[in-house]
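Chemist: Supplied in structure tokens, the structure appears directly below.
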There are 6 protein chains.
Amino acid sequence: MIKTIMLKEQIKYDGSQLQPHWIYRNFGLLGDAVVAFIGEVQVNLDKMVDLTDVKEKEHIYSPLMLNFIAEHFNTDLELAIYRQRLLMVTIKEQLEQYEIAVKRVGDDLYVDRGKLSVSVATSSVVSTLIHIGLNIETEGTPLKTAGLRELGISDISAFATNVMLNYNRELERINEARCKVRGIPLEG
Amino acid sequence: MIKTIMLKEQIKYDGSQLQPHWIYRNFGLLGDAVVAFIGEVQVNLDKMVDLTDVKEKEHIYSPLMLNFIAEHFNTDLELAIYRQRLLMVTIKEQLEQYEIAVKRVGDDLYVDRGKLSVSVATSSVVSTLIHIGLNIETEGTPLKTAGLRELGISDISAFATNVMLNYNRELERINEARCKVRGIPLEG
Amino acid sequence: MIKTIMLKEQIKYDGSQLQPHWIYRNFGLLGDAVVAFIGEVQVNLDKMVDLTDVKEKEHIYSPLMLNFIAEHFNTDLELAIYRQRLLMVTIKEQLEQYEIAVKRVGDDLYVDRGKLSVSVATSSVVSTLIHIGLNIETEGTPLKTAGLRELGISDISAFATNVMLNYNRELERINEARCKVRGIPLEG
Amino acid sequence: MIKTIMLKEQIKYDGSQLQPHWIYRNFGLLGDAVVAFIGEVQVNLDKMVDLTDVKEKEHIYSPLMLNFIAEHFNTDLELAIYRQRLLMVTIKEQLEQYEIAVKRVGDDLYVDRGKLSVSVATSSVVSTLIHIGLNIETEGTPLKTAGLRELGISDISAFATNVMLNYNRELERINEARCKVRGIPLEG
Amino acid sequence: MIKTIMLKEQIKYDGSQLQPHWIYRNFGLLGDAVVAFIGEVQVNLDKMVDLTDVKEKEHIYSPLMLNFIAEHFNTDLELAIYRQRLLMVTIKEQLEQYEIAVKRVGDDLYVDRGKLSVSVATSSVVSTLIHIGLNIETEGTPLKTAGLRELGISDISAFATNVMLNYNRELERINEARCKVRGIPLEG
Amino acid sequence: MIKTIMLKEQIKYDGSQLQPHWIYRNFGLLGDAVVAFIGEVQVNLDKMVDLTDVKEKEHIYSPLMLNFIAEHFNTDLELAIYRQRLLMVTIKEQLEQYEIAVKRVGDDLYVDRGKLSVSVATSSVVSTLIHIGLNIETEGTPLKTAGLRELGISDISAFATNVMLNYNRELERINEARCKVRGIPLEG
């Protein structure tokens, strides 16, 4: 249903990757897709999408993150946010496979009150886009954070691949559910 | 954002409750709402909404369940299924507050491979409807099941109330997220 | 993208087949699908979907037709009619492979002023449905008609299979087109 | 239903015409509309909308084309692509009036394996836009092409006018079809 | 844009007229349309569409009303309610031409605290439907009411025709407005 | 349902305020909102949104206006225009409280043939936006105009606050209406 790829090369995420067709132009995946990659993350205020963060001048920095960029070719922002939530839940559930207890608040994940993630979902004229970053290392991050390394996730690529696989299955199940239920007649 | 109520009286759920305006007609909550109640659950094949279950002649029975009926006045079935998934996740996360490890597969919850839940989401001409049932007791259920009682949830009403409170917060956060993000300009 | 099947058994089409999940219940194809089958066609006024025909008391009869039933799990009737038109065009273009000149007027196909087809597209609470019937034999039809047999299409199954294959490709190309175009910026 | 105009003056098409309200600003047609005009076509890579062509550096050139620009004030890109396909089919069917055998593959038209057309459909914040160009002359085109002149279409304006007339009728028939069909009740 | 007709014959309105294609089947207007007619109005509880009225057992009765039935072939109930409000406003503004001061509260009109109108908007699988009834005479109505007769509207047909004319103009202006505005670029 | 604020400070309106999130960035109201403020209005042609005005080079000027900016986080322009119309009607009805007879034509208000208002509704990638300006003073306006001052509205803030209050109630009633009506079954 969606195409996925775990990139081998590191990419520094500065916000300019959250762009329509960035996945297609750079990696050739045409259609709904998720790309994962590792890299430093630094998003300055002028590239920040969450205006509450912009107001509070909370830029984003992490020395090394596992990043997911998802693009869905549908412009319904509300639906995109539901998808972002489910992708976040998929990550939480993957961490639970490693017996790591994770707390989710909206689109944020916490481990022992340390913030593990950053995320945003937004829309363009042709698609909606999601970014999720999970700290791998946490040195120099502006808040109390948690990182995948210290949580014992050593094979980041395998972890990311499983997340994308499960997200794909989740979307397929949703699509099947849509096709297999009877509608409900009007009340008498 | 949504109205919620935990009913005091027991109601036997037989599928006829999954009807547009059942909440409004019976409990007076006008608009998007969730109602929780305890009761025996028996849904015969002619009332089953999931056609895969109908094909496999898997009727639903549980001696006592905590039931949630949610109605959203929007007819987008795909969106309703996303909401059903998030309500399921909310239940899972509430169980985690009791240090109960829960596995979610689509819209099913499992504890130690025992099936805790039944659920379906569907649409009518005016709204979408969700039913979720969580076993309280499990005697006589057709499969290996888990029940809230044996998991140590003694105050079912408090549990249900927290689930509805958190679901409401989840939807509010989604709405806020929709209103606070910049759109993304077209690629250069 | 869509699932297709050419049925071996003959089925008499009387309008009751144009029903949500008829394909899934009977042939197990879950999701957007097209089914083709051969059979007599007789639709009485009370089962007719086109109200203009109902007003003019034009029931439908053909001794033997190649029938297509398509179901798309989306409730946008306008989109369904566009799809019906494209499925009709696909049939016309398949006939052109046999060097048969076909004239299309909306959702009707004509060969030498003989009416080859009947068709309708409609919606239910959960999906949209399309029926297309192409005369194989024409004895006893109420109008001047054309039939696939007299046009030299001997292998009806192969013909139907190609139509469904091409319709599937058409929909895939449309989906790809949606994902590969830049949006247009606002005028300066 | 839609407004149409065949322009008398030649216009060089370089991609900048595919812009919201270009038709209204220049020719005063307010609302859904199609404009046809003759002119040289040269679209450089930075103005190309199809990103597959951009990746493969396939710019567009034709010494003289019959161009159609259609604008529909609806932002559903998928619907726009269906409309583009139907406009393409309308052109093919108009050519068939001249006994010219045309092969359509998605949004491309071929005569004797010569490419007759270029086309794209895309969306802006307020509307969707379609461009179709049909070679009139073919000297200097980058591929094996076909042209209206060599196919014997001498009165290009009459040809274009008929295409727009038939496209308008097609859309009217679709609208009527939407209004005259009964919905389908839920399965029993 | 919409078709309208003022019927010459009286029709008793009992709620069964608020049905998809009632206008097309009975009066032959295909597409979005408004029909006006005069007649007694009696809607029993089982035909009432407004469930708040059903709960409060407020059936509808008027010895003679000017009735409008509007059908729009679009299934968005929210949009239908906006249209109902604008049709109500159109009636109020038409009354103002007769120097009658009218107070509107949602979809109710009052003159000197007498209720002039009943109204409801609802949806089916294929369309949305609006009913508005304006008292002509008021004898035997269950509440304090006002009637067109006592307000000095003697030519009911002319009044109704003007309302439908102005509603049509209103919808045309809305459509034009949609087509003539620039979209707004993203904030810098 | 919506958040509203009457600003104390004057703001010159030059069109740059009609921007997504202008309300949130400047006044902290997150979500659907209306802001009212007083100020000079001068919109030059390059900032004008209505292209008919742009074509006719009709810039906007008023020495002092009561301005409303509304933002709804939904991108359906047609719906936005219905909302603009209802906000206009709300203003008209508020003026009627002062026994001022107002004539509305689409989105324009007139008192004694003097134009009281300017207005436009448009869309961005994330929201729709409405501007309405009501003349307070009229010196130097390009047309025959009417102003709130000369109409006897001395407390502009109170007037604006009531308009926003009533608009909010209007939207709440529409939402309730959507949730309390039965759908209509298919015709037999």
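Chemist: Do you know which of the residues in region B:42-95 that are charged (D, E, K, R) and within 17 Å of residue B:135 (Cα to Cα) is nearest to the chain's Cα centre (by Cα)?
Modeler: If we take residues in region B:42-95 being charged (D, E, K, R) and within 17 Å of residue B:135 (Cα to Cα), then B:92 is nearest to the chain's Cα centre (by Cα).
Chemist: Now a separate question. Across region E:138-156, what is the total count of residues that are in contact with a strand residue (DSSP E or B) (Cβ under 6 Å, 6 or more places away or on another chain) and modelled with pLDDT of 95 or more?
Modeler: Qualifying residue count, region E:138-156: 5.
Chemist: With (1) in a helix (DSSP H, G or I); (2) over 20 Å from residue B:145 (Cβ atoms) as the list, and residue B:91 as the residue in question, which single condition is left unmet?
Modeler: Just one mismatch for residue B:91, condition (2).
Chemist: Can you find a residue in region D:93-105 that is at pLDDT 95 or above and in contact with a Pro (Cβ under 7 Å, 6 or more places away or on another chain)?
Modeler: no
Chemist: Against the conditions (1) in a helix (DSSP H, G or I); (2) more than 22 Å from residue F:97 (Cα to Cα); (3) in contact with a strand residue (DSSP E or B) (Cβ under 7 Å, 6 or more places away or on another chain), where does residue F:176 fall short? Just the number, please.
Modeler: Failed condition: (3).
Chemist: Additional query: In region C:13-27, which residues are within 16 Å of the chain's Cα centre (by Cα) and of a type outside the set (Phe, Trp, Tyr)?
Modeler: C:14, C:15, C:16, C:17, C:18, C:19, C:20, C:23
Chemist: May I ask you to verify whether residue B:113 is out of contact with any strand residue (DSSP E or B) (no Cβ under 7 Å at 6 or more places or on another chain), among the basic types (Lys, Arg) and in contact (Cβ under 8 Å) with a residue 24 or more places away in the chain?
Modeler: Answer is yes for this residue.
Chemist: Identify all residues within region A:161-181 that are of a type in the set (Val, Ile, Thr) and under 14 Å from the mean Cα position of the chain (by Cα); write none if there are none.
Modeler: A:161, A:163
Chemist: What is the residue count in region B:146-181 for residues that are surrounded by fewer than 21 Cβ atoms within 10 Å (Cβ to Cβ) and closer than 17 Å to residue B:41 by Cα?
Modeler: 2
Chemist: Residue under question is residue D:39, and the condition is that it be buried (at least 20 other Cβ atoms within 10 Å of the Cβ), farther than 15 Å from residue D:127 by Cα and over 13 Å from the mean Cα position of the chain (by Cα); does it hold?
Modeler: So residue D:39 fits the description; yes.
Chemist: All but one of (1) without any contact (Cβ under 8 Å) to a residue 12 or more places away in the chain; (2) farther than 29 Å from residue F:3 by Cβ; (3) in contact with a Gly (Cβ under 8 Å, 6 or more places away or on another chain) hold for residue F:185, so report the exception by its number.
Modeler: (3)
Chemist: Let me ask something else about it. Hey, could you check region B:54-65 for residues that are within 14 Å of chain A (Cβ to nearest Cβ) and surrounded by fewer than 18 Cβ atoms within 10 Å (Cβ to Cβ) and say which is farthest from residue B:153 (Cα to Cα)?
Modeler: Checked region B:54-65; the qualifying residue farthest from residue B:153 (Cα to Cα) is B:55.
Chemist: Restricting to region C:100-145, give me the number of residues that are assigned to a loop (DSSP other than H, G, I, E, B), under 22 Å from residue D:86 (Cα atoms) and among the charged types (D, E, K, R).
Modeler: Residues that pass the stated criteria total 1.
Chemist: Moving on. Could you run through region B:112-144 and say how many residues are over 17 Å from the mean Cα position of the chain (by Cα), away from chain F (no Cβ under 14 Å) and β-branched (Val, Ile, Thr)?
Modeler: Number of matching residues: 2.
Chemist: Also, I was wondering about something else. Do we have any residue at all in region A:121-132 that's free of Cβ contacts under 8 Å to residues at least 40 places away in the same chain, surrounded by fewer than 24 Cβ atoms within 10 Å (Cβ to Cβ) and on the phi < 0 side of the Ramachandran plot?
Modeler: No, the conditions are met nowhere in region A:121-132.
Chemist: Checking the condition touching a strand residue (DSSP E or B) at 6+ places or on another chain (Cβ under 8 Å) and within 21 Å of residue F:179 (Cα to Cα), which residue from B:19, B:42 passes?
Modeler: B:19
Chemist: So which residues in region E:79-93 are in contact with a Phe, Trp or Tyr (Cβ under 9 Å, 6 or more places away or on another chain) and within 9 Å of chain F (Cβ to nearest Cβ), if there are any at all?
Modeler: Scanning region E:79-93 gives E:79, E:82, E:83, E:85, E:86.
Chemist: Inside region E:151-171, can you point out the residues that are of a type in the set (Gly, Ala, Ser) and outside any loop (DSSP other than H, G, I, E, B)?
Modeler: Correct list: E:157, E:158, E:160.
The values are calculated or read from the model by the stated rules, or taken from the named source; none is laboratory data. Because the structure is a prediction, the values reported are computed rather than measured. Note that each Cβ is placed from the backbone with ideal geometry, even for glycine, and that neighbours are counted across all protein chains shown.
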